[in-house]
């Protein structure tokens, strides 16, 4: 109750409201620009934040963090260019929807899912932080290894393409993840003596290449095709039926996003990927995934925004930042004389209330901004392809360059643009590649760490209860369909099982 | 509309001419101290934007912008520890318009010889942080420091850190030699936050951490700092003995500073040093130091920092064989 009064007190200050509106606006814009994300934005703000009033300063960081995470979805949907790495999974279904002339619907779904999940994530953060923070300690390398295996277990069916092609794409992604200096041995792999490659391939630049660059080349081959997109349909927001359809998806993905957000080593990018996987596993609409299913937009967007609240949990309660953005927020807190830890909740209730109010306000603000904006942003898809895509290409090149002011990164983007085009042409979906790349790195490093921790005895991983659970779930996920098919069809089997269940 | 556009294009050459003249004039201006700073000053970092070094550089230069009457532009050039950053720096003129981070990564890269720059080609200008490392173990695992040293001399010790071949790894190797460990297993993690997690859950035995990285867990009774690897105890943690007191004669700290290329005119160097020192003695920067338990003693000028950088280079030589052997 006291907290509620403090939150209302924070929100009743016009200065704070101005921070929320201004911070959200700038954050959404920066998030939408390819290449720029929350980390760079908060780092740029830091010198100003440390001169602000502590509550307002930390609140502003929280606002920008929420807004940039959401902003990534806009360009992911409209021009197939993930604004941030966490929005990569949003392109899988968001862009097909936009291409079909339903950009407004896709943007509306993304906005709604982001805001609802973001708000739930923040509520979890404020209520359960002291309880959930301990969860962070339960996750060592063995557990991350099992979690990543679980994520990859959906690889074969992640896109509607052939299973073999999904495996090839996934393996290629894993191979790309091995580029750079090996974490445990320091050996440089596939770097071709290029210092630029010694830290691995630049993931965001690569994604911009595969998604935006590949799409530009594809559109270049389609200029003769007449598009019949209707202006009214483009700007149409999701129907009430749509919201009913994604309700469960949003809740499921919020759970996944909050959970993965709390784990200190991973954040929104992995959360979005796993939520997309799980949604594809459980959704009755799974056949539509990759072709423009609204669930495929709702799941990753809900997960990456829920993760913003989740990553604040170990940051505030344990002083362990869950990601790049929270690491800077933690530094800002220390500079402002705020010590993280369980005592923060009793000693600094106004800070917590301010952060809570600000993040909540940011989510509500981008909900309004996104819903109103969707009608106008969606019209970008009405621009003739011969004008839109060259412009997207400029944006993609600039975004690739801006992160490190490096032309090498632009080269990476270009290389992957051609690769993305030819892979798509030959029926390889981008989803398995991106999944292999993101989870492959986690699998490799956690396996090698486990090897060192358990003195070379990898069976010790199976003795960790959490790890074992995830591995068994993966096994069930992989074998389930095969066993079922052998028994005469997956769906009949499910129905039969349910009937049998009734008899018991 | 169209007519407006035409009249605009007609104006274009007229507008471009003075701009072109200005550009020529700027290009031909002699590089001297009088016209320093000549435009924004670039600050080159060797790690990712948003990381500890990036934050240090942004805060350290923040108030200097006003003193010098210019802006600082922060660029990250990652790759090969500091190779990409130093190669970029080497290609710039020695006019003080390009500053760069001087940290352990800089020293290690110079030691490796992956760039043409040598230690003699750079001037370590100012030091901004000297964050001492603590030997941290899980609470209850070892009765005291002596028990830890005994265990390390007889059995295997799993020590956590970050990237292999980087400074955290060098620190671990220096500690191995100082303790006389029988068998050190170095377990690298991607992020600093993971180290404390795996210390608390018992996956690893020991880690070198800065005060800000472990203090929440120490306050909660999860971990215990056995020693501070500094010549003297820290005012922020007066109960923790130094390594010298418990028989681990070793000093390790995270040192971050800013340097310029040698050959930069002396008046420019002096102006930069003074402006940066003034900037780092601002309240905002001192608050930043206090956030990690440091004081103004971490700040040092050219003379002290130059000596320290030379010492750092020779320290690293002692473990260089272990490191370079892994390449």
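The values are calculated or read from the model by the stated rules, or taken from the named source; none is laboratory data. This one's a predicted model, so the numbers in the text were calculated from it and none came from an experiment. Don't worry about glycine lacking a Cβ; one is built from the backbone with ideal geometry, like all the others, and counts go over all protein chains shown.
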**Message:** Out of the residues in segment A:202-219 meeting the condition of being crowded, with 21+ Cβ neighbours inside 10 Å and within 14 Å of chain B (Cβ to nearest Cβ), tell me which one is nearest to the chain's Cα centre (by Cα).
**Reply:** A:204
**Item:** Unmet requirement for residue A:443, which otherwise passes all of (1) under 30 Å from residue A:221 (Cα atoms); (2) surrounded by fewer than 22 Cβ atoms within 10 Å (Cβ to Cβ); (3) in contact with a helix residue (DSSP H, G or I) (Cβ under 6 Å, 6 or more places away or on another chain)
**Value:** (1)
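Conditions tested, residue by residue: (1) touching a residue at least 24 places away in the same chain (Cβ under 8 Å); (2) within 14 Å of chain A (Cβ to nearest Cβ); (3) within 19 Å of the chain's Cα centre (by Cα).
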| position | (1), (2), (3) |
| --- | --- |
| B:115 | yes, yes, yes |
| B:127 | yes, no, yes |
| B:131 | yes, yes, yes |
| B:134 | yes, no, yes |
| B:161 | yes, yes, yes |
| B:169 | yes, yes, yes |
| B:176 | no, no, no |
| B:200 | yes, yes, no |
**Message:** Just to verify a result, which residue in segment A:176-192, among those that are assigned to a loop (DSSP other than H, G, I, E, B) and more than 13 Å from every other protein chain (Cβ to nearest Cβ), is surrounded by the fewest Cβ atoms within 10 Å (Cβ to Cβ)?
**Reply:** A:190
**Complete:** Residue hits (segment B:210-235; crowded, with 16+ Cβ neighbours inside 10 Å and in a loop (DSSP other than H, G, I, E, B)) are B:210, B:220, B:222, B:229, B:230, B:233
**Asked** Conditions: (1) outside any strand (DSSP E or B); (2) crowded, with 18+ Cβ neighbours inside 10 Å. Residue B:320 meets all but one. Number of the miss?
**Response** (2)
**Message:** Need the failing condition index for residue B:285 against (1) in contact with a helix residue (DSSP H, G or I) (Cβ under 9 Å, 6 or more places away or on another chain); (2) surrounded by fewer than 22 Cβ atoms within 10 Å (Cβ to Cβ); (3) farther than 22 Å from residue B:170 by Cα, just the number.
**Reply:** (2)
**Request:** Scan segment A:195-210 for residues that are in contact (Cβ under 8 Å) with a residue 60 or more places away in the chain, outside any helix (DSSP H, G or I) and on the phi < 0 side of the Ramachandran plot and report the count.
**Result:** 2
**Prompt:** assigned to a helix (DSSP H, G or I) and within 19 Å of residue A:324 (Cα to Cα) - does that describe any residue in segment A:11-21?
**Reply:** no
**Complete:** So the helices (runs of 4 or more DSSP H) completely within segment A:252-347 holding 3 or more residues that are over 11 Å from the mean Cα position of the chain (by Cα), closer than 23 Å to residue A:140 by Cα and in the same structural domain as residue A:360 (by TED's automatic domain parsing) are A:294-318, A:324-335
**Request:** For segment A:1-58, enumerate the residues that are within 24 Å of residue A:268 (Cβ to Cβ) and free of Cβ contacts under 8 Å to residues at least 24 places away in the same chain.
**Result:** A:22, A:44, A:45
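Each row is one residue, and each column tells you yes or no for (1) surrounded by fewer than 24 Cβ atoms within 10 Å (Cβ to Cβ); (2) free of Cβ contacts under 8 Å to residues at least 60 places away in the same chain; (3) in a helix (DSSP H, G or I); (4) more than 17 Å from the chain's Cα centre (by Cα).
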position	(1), (2), (3), (4)
A:96	yes, no, yes, yes
A:101	yes, no, no, yes
A:104	no, no, yes, yes
A:134	yes, yes, yes, yes
A:146	no, no, yes, yes
A:149	yes, no, yes, yes
**Fill in**
Considering segment B:236-255, residues that are within 14 Å of chain A (Cβ to nearest Cβ) and in contact with a strand residue (DSSP E or B) (Cβ under 9 Å, 6 or more places away or on another chain), and then whichever is surrounded by the fewest Cβ atoms within 10 Å (Cβ to Cβ), we arrive at B:237
**Request:** Scan B:87, B:77 and give me the residue that is surrounded by fewer than 19 Cβ atoms within 10 Å (Cβ to Cβ), within 13 Å of chain A (Cβ to nearest Cβ) and touching a residue at least 12 places away in the same chain (Cβ under 8 Å).
**Result:** B:87
**Asked** How many residues are in a helix (DSSP H, G or I) and within 12 Å of another protein chain (Cβ to nearest Cβ) when one looks only at segment A:430-460?
**Response** 12
**Asked** Is it the case that some residue within segment B:143-154 is within 14 Å of chain A (Cβ to nearest Cβ) and surrounded by fewer than 23 Cβ atoms within 10 Å (Cβ to Cβ)?
**Response** no
**Message:** Where the second residue is at pLDDT 80 or above and assigned to a helix (DSSP H, G or I) and the first is surrounded by 11 or more Cβ atoms within 10 Å (Cβ to Cβ) and lies in segment A:473-487, which pairs have Cβ atoms under 6 Å and are six or more apart or on separate chains?
**Reply:** A:473/A:150; A:474/A:149; A:474/A:150
**Request:** For residue A:135, state whether it is away from chain B (no Cβ under 13 Å) and more than 28 Å from residue A:427 (Cα to Cα).
**Result:** no
